[in-house]
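Everything on this sheet refers to the single structure shown next.
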Amino acid sequence: MAAAMMNLSSSIQSGLFSSLKPSSFFNFKTTHFKNRFFLPQSHFIFSKRSMLCTCSSNNSNFQTGAKAEPYVVTTPLYYVNAPPHMGSAYTTIAADAIARFQRLLGKRVIFVTGTDEHGEKIATAAAAQGSSPSEHCDVISQAYKMLWKDLNIAYDKFIRTTEPKHEAIVKEFYSRVLANDDIYRDDYEGLYCVNCEEYKDEKELLENNCCPTHLKPCVHRREDNYFFALSKYQKSLEETLAKNPDFVQPSYRLNEVQSWIKSGLRDFSISRASVDWGIPVPNDNKQTIYVWFDALLGYLSALLEENEQPSLQSAVSSGWPVSLHLIGKDILRFHAVYWPAMLMSAGLTLPKMVFGHGFLTKDGMKMGKSLGNTIEPNELVHKFGPDAVRYFFLREVEFGKDGDYSEERFINIVNAHLANTIGNLLNRTLGLLKKNCQSTLVVDSTIAAEEQDFKDTVEKLVEQAHIHYKNLSLSSACEAVLEIGNAGNLYMDKHQPWSLFKQGGAATEAAAKDLVIILEAMRIIAIALSPVTPSLCRRIYAQLGYSDDQFNNLNWSETKWGGLKGGQVMAQPKPVFTRIEQIKETENGGEAAKKVVKKKEKKPQVQGVVEA
Ligand code: MSP
């Protein structure tokens, strides 16, 4: 399977675009300006709906019932033109950390992810493989699921846009928008970027009409399509954003969205006559629905319960509206302009927030499948484990901004923070506890911390982490938790419990209390960092003598100082995070090459480590 995936990946990257069926259905006179051909009233299935819509769930046409409002977080639905790369994994890791944090707060979380499987880009990729589109989608969609498993991604819903329930939702939604008088037929001519699946304005293109994101020339297209009357929603969108400035995050992206809207919204085509691989337009099976109009609805169809009759009503009552759409900044216009207007047209509540994060770059260029400058996430995970990968990208890249990857930086950060600051501190403390206290805590952590500033420091830092997670400042949240580890190391160095144990009497008592204090800090770190490094934190928790069940049922309120009690027995010390070693090797006739390995786990050398 792995070999098959590798072949697939490389041949996809070198694949050629196949020729596509030309548009032939209608031969309108080609023009840049649209002629409106409204469909007859008999096509209308629904009566017109109120256009009033805000970001508050109270205005929904459907109410979600008495159940506690869930926290719904989504990733984009990933194109299956090629297997996932680190850029796609980045959004999902961030969404998983946010979902885990919200679960810790006791929220009912619905974490939605999935794959975007229709359209020209996917059909072309499948043809290049010599596969049918549906076989191709099965393979790549499975590759996403496998990677999410390896990265410890605990999603609740995985939607594939080729699922029948999704098609039903798209058709129902289309019919609603049609009934609201917002779809009309027109001919169109323009420059199309297949990789973006979007018509582009000439003024935004580079030399030779190249797309600025994909650096490939856009192709000239001319066809008749159905259009969505986006321009009708200009005023409502302006008002919505003015009333809900938090709708677009980070705040510095709001200006961009507002200026797009201010510069004038143009209706966009929502069907393709030249693409077979898609959902047929209701009442016109010679056209398929535009892949973006189709994919955005995955956020609704994903919410449907298993074996439930698919309908917008039931999707909405299963958790709509979304609390947070997490996306990359390249698809902000679709999520912050097109999508809200589509929802307004269908009379549905708007999502509460759209967060556009930055790009992972390589040599300053957006890492991507189309440019072929990607980092293989499978390789990183298999080499370094999921915690290292998750931690590095969330800690190192300020959420919202771009960030560059370098292996050297990766190794340095992960070793310094996870192996040394946290792993080593835990290991040497447990080693001392085993040697001097039979691995048993002598007092409650509350008593141990009396008259110590350390407890206040930890409480402040954990509160900061809480605020940062809430504000989606994931890097700062990691930093605050790491500061607890740094404070713990300083405390150890200052108090030197290993020397106190040698003195006996009151000094031994003080040393035993010091160990309780450090282990309590470790307990708090294990909870507060668990959204980012869940398996590492599970191992820390197990070292503190807790069961898996106890870890699974943690709540953020347990980050309060005082969880560890006198008499609690800790586990045998065992390293929780192995350092990554860079071994310099001589290969290829003397040319130096670096090999990166996870160091073999050794039995803890209590004395040596402690006294070093
Ligand atoms: N299929 C659409 C989304 C439809 S959502 C209803 C799509 N797919 S994508 O696979 O091209 O991109 C998915 C996400 O991955 C986007 O948010 C995009 O920004 C993100 N990334 C792709 N490359 C990236 C980086 N190099 N860095 C960070 N994220 C990037 O767009």
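The values are calculated or read from the model by the stated rules, or taken from the named source; none is laboratory data. Note that this is a predicted model, so its numbers are computed, not measured. Positions of Cβ are generated from backbone atoms using ideal geometry, with glycine treated the same way; all protein chains shown enter the neighbour counts. Just so you know, the surface numbers come from the protein's heavy atoms only, side chains and all, with ligands and any DNA or RNA stripped out. Shrake-Rupley method; radii C 1.70, N 1.55, O 1.52, S 1.80 Å.
Annotations for the structure displayed:
- Check on residue 95, away from the ligand (no atom under 15 Å from the Cβ), open to solvent by less than 10 Å² (accessible area, probe 1.4 Å) and over 30 Å from residue 287 (Cβ atoms): no
- Checked against the criterion of being open to solvent by 30 Å² or more (accessible area, probe 1.4 Å), charged (D, E, K, R) and under 18 Å from residue 84 (Cβ atoms), the candidates 407, 398, 376 yield just one match: 376.
- Candidates in the range 326-342 are the residues that are open to solvent by 10 Å² or more (accessible area, probe 1.4 Å) and more than 8 Å from the ligand (Cβ to nearest atom); of these, the one that is nearest to residue 396 (Cα to Cα) is 333.
- Given (1) at pLDDT 95 or above; (2) closer than 30 Å to residue 371 by Cβ; (3) not in a strand (DSSP E or B), index of the condition residue 168 fails: (2)
Okay, residues lined up against (1) within 17 Å of residue 294 (Cβ to Cβ); (2) within 14 Å of the ligand (Cβ to nearest atom):
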{"residue": "82", "(1), (2)": "no, yes"}
{"residue": "87", "(1), (2)": "no, yes"}
{"residue": "119", "(1), (2)": "yes, yes"}
{"residue": "129", "(1), (2)": "no, no"}
{"residue": "142", "(1), (2)": "no, no"}
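- Note on the range 152-171: residues that are of a type in the set (S, T, N, Q) and on the phi < 0 side of the Ramachandran plot amount to 2.
- Residue among 257, 248 that is modelled with pLDDT of 95 or more, closer than 28 Å to residue 120 by Cβ and within 16 Å of the ligand (Cβ to nearest atom): 257
- Meets criteria (over 17 Å from residue 226 (Cα atoms) and without any contact (Cβ under 8 Å) to a residue 40 or more places away in the chain) for residue 258: yes
- Residue selection: residue 239 fails the criterion of being away from the ligand (no atom under 16 Å from the Cβ) and part of a loop (DSSP other than H, G, I, E, B).
- Any hit, the range 309-324, residues being open to solvent by less than 10 Å² (accessible area, probe 1.4 Å), near the ligand (Cβ under 9 Å from one of its atoms) and in a loop (DSSP other than H, G, I, E, B): no
- Matching entry among 506, 526 (being free of Cβ contacts under 8 Å to residues at least 40 places away in the same chain and buried (at least 24 other Cβ atoms within 10 Å of the Cβ)): 526
- Matching residues, the range 262-282, being assigned to a loop (DSSP other than H, G, I, E, B), closer than 12 Å to residue 226 by Cα and more than 16 Å from the ligand (Cβ to nearest atom): 267, 273, 282
- Residue ID - surrounded by the most Cβ atoms within 10 Å (Cβ to Cβ), chosen from residues in the range 171-185 that are assigned to a helix (DSSP H, G or I) and of a type in the set (Phe, Trp, Tyr): 174
- Those residues of the range 434-455 which are part of a loop (DSSP other than H, G, I, E, B) and open to solvent by 60 Å² or more (accessible area, probe 1.4 Å), in sequence order: 438, 442, 450, 451
Per-residue answers, yes or no, for (1) in contact with a Pro (Cβ under 8 Å, 6 or more places away or on another chain); (2) away from the ligand (no atom under 11 Å from the Cβ):
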residue	(1), (2)
344	no, yes
353	no, yes
356	yes, no
361	no, no
367	no, no
381	no, yes
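- The lone exception for residue 392 - which of (1) closer than 29 Å to residue 543 by Cα; (2) away from the ligand (no atom under 16 Å from the Cβ); (3) without any contact (Cβ under 8 Å) to a residue 60 or more places away in the chain; (4) of a type outside the set (Val, Ile, Thr) it fails: (2)
- Some residue of the range 186-205 being of a type in the set (Val, Ile, Thr) and surrounded by 21 or more Cβ atoms within 10 Å (Cβ to Cβ): no
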